[in-house]
Amino acid sequence: MAASDDRAIRERLVHQGVGSLSDVELIAVLIQDGGTGISAAELAQNVFDKYDGSLSQLSATDMKTLRMTAGLGLKRAAILAAALELGRRIALEDVVIPCAITSNTDVEKIFRSHIAALPYEEFWVLYLSSANTVVGKECVSRGGISETVVDHRLVLKRAIETLASGIILVHNHPSGVAKPSDDDLNLTRKIVAAAELLDISVLDHLIITSGECYSFRGGGDL
């Protein structure tokens, strides 16, 4: 492939729309330039091949690994990672939420496909009415591989704004180990104690991994 192929891809995007491009061609548009001696289309194909043609595998890759993939480099990796993250967040907004949360399974269905395989931790809160309908959903923290910093005041501020009667805490463990850490337990106790002062119930705290899902209430930690 040559630079002319890159131009052809961009022209087709302009004249036929973004939907006319393949996954590889979309990646080529994002990275714009393949570098010395290679077109963006060629580099995009190399990156795509490294992940067996799977966008989900690509989006679950941490920046350190991604920047080393097929000579992608920091700048191109950052652009690609940002685009994939935007897509993930849009998909999470579009998740069909049950009329009422009746079990941990309902909560897991909302979050599993979007946070289970992430290479970093995200901490989410579901805000519920007295009838257990969802009145709000918010990511309150994004962190590193082994932990994320959560301000319990932000958790409860949103609960007050939505007039929530109950909340469910949700976060992922990139390690794949669902067992709560001491920090997880301490944070949960802190949120529970603060929520009680506002007459808000912490109904559960779920840890979601690529395999297991741990319930604090089910495990006797809540």
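Elements of the type helices (runs of 4 or more DSSP H) sitting completely within region 1-103 and holding at least 3 residues that are buried (at least 19 other Cβ atoms within 10 Å of the Cβ): these cover 23-31, 40-50, 73-93. Out of LEU169, LEU163, one residue alone is closer than 16 Å to VAL135 by Cα, in the same structural domain as PHE111 (by TED's automatic domain parsing) and more than 22 Å from the chain's Cα centre (by Cα). It is LEU163. Could you tell me whether any residue of region 34-48 is within 19 Å of PRO174 (Cβ to Cβ), of a type in the set (A, V, I, L, M, F, W, C) and in the same structural domain as LEU13 (by TED's automatic domain parsing)? No - not one qualifying residue is present in region 34-48. ARG189 meets the conditions (1) assigned to a loop (DSSP other than H, G, I, E, B); (2) over 22 Å from the mean Cα position of the chain (by Cα) in every case but one. The failed one is (1). Which residue, of VAL170, VAL155, VAL125, VAL150, is part of a helix (DSSP H, G or I) and within 16 Å of VAL192 (Cβ to Cβ)? The unique qualifying residue is VAL155.
Only one of the listed residues (LEU55, LEU72, LEU86, LEU80) is farther than 21 Å from GLU122 by Cα and free of Cβ contacts under 8 Å to residues at least 60 places away in the same chain. That residue is LEU72.
The values are calculated or read from the model by the stated rules, or taken from the named source; none is laboratory data. Computed from a predicted structure; not experimentally measured. Ideal geometry is used to build each Cβ from the backbone, glycine not excepted, and the neighbour counts take in all protein chains shown.
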